[in-house]
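The values are calculated or read from the model by the stated rules, or taken from the named source; none is laboratory data. Source: prediction; values computed, not measured. So basically every Cβ, Gly included, is an ideal-geometry build from the backbone, and we count neighbours across all protein chains shown.
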Amino acid sequence: MTFLEKVLSQQFCRDELVDILSRYNRSIGNDDIAQKNILRLQESSSVCVFTGQQLGFMGGPAYTLYKAIGCLQAAKELDAIPIFWLATEDHDIAEIDHTYTIDSLGNIQKHKLTLPSEGIVEDLVLTQENIDEIQAFCDLIGMTVPQGKYAVGDSYARVMANILVEKFHGTGLVFVEPRLIRHQAEELFIREIQNSRKVRDILFQTTERLLQQGQVTPIEFRDGATNLFFKDSNNRRLKVVQDEGEFVVGDQRFSESELVDQVRQDPSAFSGNVALRPVVQNFIFPTIAYVGGPTEIDYFRQLEGLFHYHNLAMPQVKTRPSVTCLTPISQQYLNAVERRPSDAIPQDWKVVFPELAGMDKKEVKNFLEEKGVPYNTLHYLHNFLSPFNGLQERSLNWLWLDVQSEKPIVQELLNSNLSKVTTSQYFTLNELAT
């Protein structure tokens, strides 16, 4: 049996998926091209390419955009339906409540949304304070927001998803929130409970083998831990842990049969951890590929045995594009210091202009002023190209980068045929006038 045949040999609730995806994508403003892709799911031979990411404040870091670009590219290559998994069942609020830009002096600016420290992203709703914070960010970057677009009580996830939808208009990218489809993973969740020790052994064995081969293993598996979380009546996402033949969820204890009954009664209250999430995705959808970053690719190496145990075809794992955007001001500054974007940016002006040796700060400033070079140029370039000494895409907000482009950034990136490599490529948002 070929890989594709194994994927298509599963039974999928295709009609229900089409109904769920159609209604949800309409609700977040997705267009007819995406709706046509959704309808393709009814065809028994259709398959999907997935990517996914937490819904960061105002779009979050730039690599969120590049994941979606990679998903669309892979779907085109494989004649598949491109789907973006909005990771709204995540409970790490501190990971998504902020974003970063660079000010005119080159300082990194953090923009924060005031959210509760606990809870699940799918349950977050906007307050008036949040609406003001969103408006302030949009004003800062020069992004127009129609009056009354956001209202108190709106779903945070829906509002942030709508930002992605608007930018990917016309591409056919489909979006899904896991809360809408978790019930379809009922049998998978039960199997994880009934075979939790076996599943854990498989993951331990795979991890140990990879370690012996010198491979990176980012997922840490612990004795007693299952791959499941349970959402209680207070909307807390609690780990399900096995202890002496029982299962512990918060301050409650369940026998195996009692926990299985809980799944039967409300499967949507259960969700997978980082290891089970891609398995859930392949259990529900005919998935042939996943587009992810370097860490996610390391995750998948640890999960091969888990996919096989659940008799699922492990998807092809494709590396998302890695991009560093260049704005007109960053190009101007690079030209002024005669550096390429891939060059290390020195911290000291005397490295750029050796003739400054022995001059004090005031003399250096006067020298640069005569050359028409702002004193903050090196500081700006360092923070813009390598914020927090890392890749630009891991920190800087993509909406902020987008508004500095003369042309729609999504279409420009799609047209650029970015290669899917882990070393960052450079993309000019707006060529300098000559």
### Task
Can you work out which of the residues in the range 165-185 that are out of contact with any Ser or Thr (no Cβ under 7 Å at 6 or more places or on another chain), modelled with pLDDT of 95 or more and in a helix (DSSP H, G or I) is surrounded by the most Cβ atoms within 10 Å (Cβ to Cβ)?
ALA185
### Filter pass, SER405 being within 30 Å of GLY170 (Cβ to Cβ), surrounded by 13 or more Cβ atoms within 10 Å (Cβ to Cβ) and hydroxyl-bearing (Ser, Thr, Tyr)
yes
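Give me the residue from the range 43-60 that is in contact with a strand residue (DSSP E or B) (Cβ under 7 Å, 6 or more places away or on another chain) and closer than 15 Å to THR287 by Cβ and, out of that set, surrounded by the fewest Cβ atoms within 10 Å (Cβ to Cβ).
SER46
Condition check ((1) loosely packed, with under 13 Cβ neighbours inside 10 Å; (2) out of contact with any Lys or Arg (no Cβ under 8 Å at 6 or more places or on another chain); (3) among the basic types (Lys, Arg); (4) not in a loop (DSSP other than H, G, I, E, B)) across all residues:
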site	(1), (2), (3), (4)
LEU306	no, yes, no, yes
VAL317	no, yes, no, yes
SER330	no, yes, no, yes
TYR333	no, yes, no, yes
SER342	yes, yes, no, no
ILE345	no, no, no, no
## Note on the structure
From the option list VAL274, VAL263, single residue qualifying as closer than 26 Å to ARG182 by Cα, aliphatic (A, V, I, L, M) and modelled with pLDDT under 95 is VAL274
### Query
Within the range 1-18, which residues are among the acidic types (Asp, Glu) and either touching a residue at least 12 places away in the same chain (Cβ under 8 Å) or surrounded by 13 or more Cβ atoms within 10 Å (Cβ to Cβ) (or both)?
ASP15, GLU16
### Message
With the structure loaded, tell me whether TYR375 is under 20 Å from ASN107 (Cβ atoms), part of a loop (DSSP other than H, G, I, E, B) and among the aromatic types (Phe, Trp, Tyr) or whether it fails that test.
### Response
yes
### Any chance LEU381 is modelled with pLDDT of 95 or more, surrounded by 17 or more Cβ atoms within 10 Å (Cβ to Cβ) and over 19 Å from GLY60 (Cβ atoms)
yes
### Message
I'd like to know if the range 235-252 contains one or more residues that are assigned to a loop (DSSP other than H, G, I, E, B), closer than 13 Å to GLN302 by Cα and free of Cβ contacts under 8 Å to residues at least 60 places away in the same chain.
### Response
no
### Query
So, in the range 61-97, of the ones that are over 23 Å from SER395 (Cβ atoms) and charged (D, E, K, R), which residue ends up surrounded by the most Cβ atoms within 10 Å (Cβ to Cβ)?
GLU89
### Summary
Of the listed residues (VAL199, VAL216, VAL152), the one being in contact (Cβ under 8 Å) with a residue 40 or more places away in the chain and either part of a loop (DSSP other than H, G, I, E, B) or surrounded by fewer than 19 Cβ atoms within 10 Å (Cβ to Cβ) (or both) is VAL216
### Task
Could you tell me whether any residue of the range 84-102 is more than 18 Å from the chain's Cα centre (by Cα), at pLDDT 95 or above and aliphatic (A, V, I, L, M)?
yes
### Task
Collect the residues in the range 279-304 that are within 21 Å of VAL216 (Cβ to Cβ) and either in a helix (DSSP H, G or I) or basic (Lys, Arg) (or both), keeping them in residue-number order.
VAL279, PRO294, THR295, GLU296, ILE297, ASP298, TYR299, PHE300, ARG301, GLN302, LEU303, GLU304
